Amino acid sequence: MMAKNWQLVVRATATPVAVALGTMLLIGVPTAVIPSPWFGRTIPTRSWDYLMLGITALLAGAIGATYALPVACPLISGRLTVGGTLSYFAVGCPLCNKVVLILLGTSGAFTYFQPIQPFLAVGSLGLLV
């Protein structure tokens with residue numbers, strides 16, 4: 001009985017930490033919020049990009065905990081995926097995002113996409129909360 005409780009504690013602790021770190025890397029490295037030799041940014045990182053990435057990682061870790069112990073807190077599936085995807089678009093450089101450039105072009109990325117990024121961030125946090 002004691003070994004089973006120990007396994008639950010390890011799983012309930014390791015899963016959210018792994019999900020939070022994974023989320024931070026999966027969003028932060030390609031958007032160049034976390035500097036790396038593989039990706040760069042045309043537009044400098046804004047201070048709220050760091051804040052948004054940190055909050056997203058913490059909330060993703062909390063959701064990850066519910067996946068580790070699904071009986072404790074049932075949840076609507078897909079929130080982590082959709083919230084994380086919105087966060088990716090919210091903190092990313094408008095000119096570095098190929099999808100945005102293909103759909104809107106360079107001027108459209110600045111004119112239409114960059115102003116809605118804070119709203120994407122709020123939507124992402126709303127889903128993750």
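The values are calculated or read from the model by the stated rules, or taken from the named source; none is laboratory data. Owing to the predicted nature of the structure, the values given are computational and were not obtained by experimental measurement. Note that we place each Cβ from the backbone using ideal geometry, even for glycine, and neighbour counts take in every protein chain shown.
Which residue out of T106, T111, T85 is farther than 30 Å from V9 by Cβ, at pLDDT 90 or above and out of contact with any Phe, Trp or Tyr (no Cβ under 9 Å at 6 or more places or on another chain)? It would help to see each step written out before you state the result.
Numbers: T106 fails: at pLDDT 90 or above; T85 fails: at pLDDT 90 or above.
Every option except T111 fails the conditions.
Would you point out the residue of the stretch 83-129, among those that are of a type in the set (S, T, N, Q) and over 14 Å from P30 (Cβ atoms), that is surrounded by the most Cβ atoms within 10 Å (Cβ to Cβ)? Give the derivation first.
Our first condition is that a residue be of a type in the set (S, T, N, Q); within the stretch 83-129, this holds for 85, 87, 97, 106-107, 111, 114, 117, 124.
Right, trim to over 14 Å from P30 (Cβ atoms) and you get 106-107, 111, 114, 117, 124.
Values: T106: 12, S107: 8, T111: 12, Q114: 15, Q117: 20, S124: 25.
Among residues in the stretch 83-129 that are of a type in the set (S, T, N, Q) and over 14 Å from P30 (Cβ atoms), the one surrounded by the most Cβ atoms within 10 Å (Cβ to Cβ) is S124.
Report the residue count in the stretch 10-58 for those that are touching a helix residue (DSSP H, G or I) at 6+ places or on another chain (Cβ under 8 Å), at pLDDT 90 or above and of a type in the set (A, V, I, L, M).
Here the count works out to 15.
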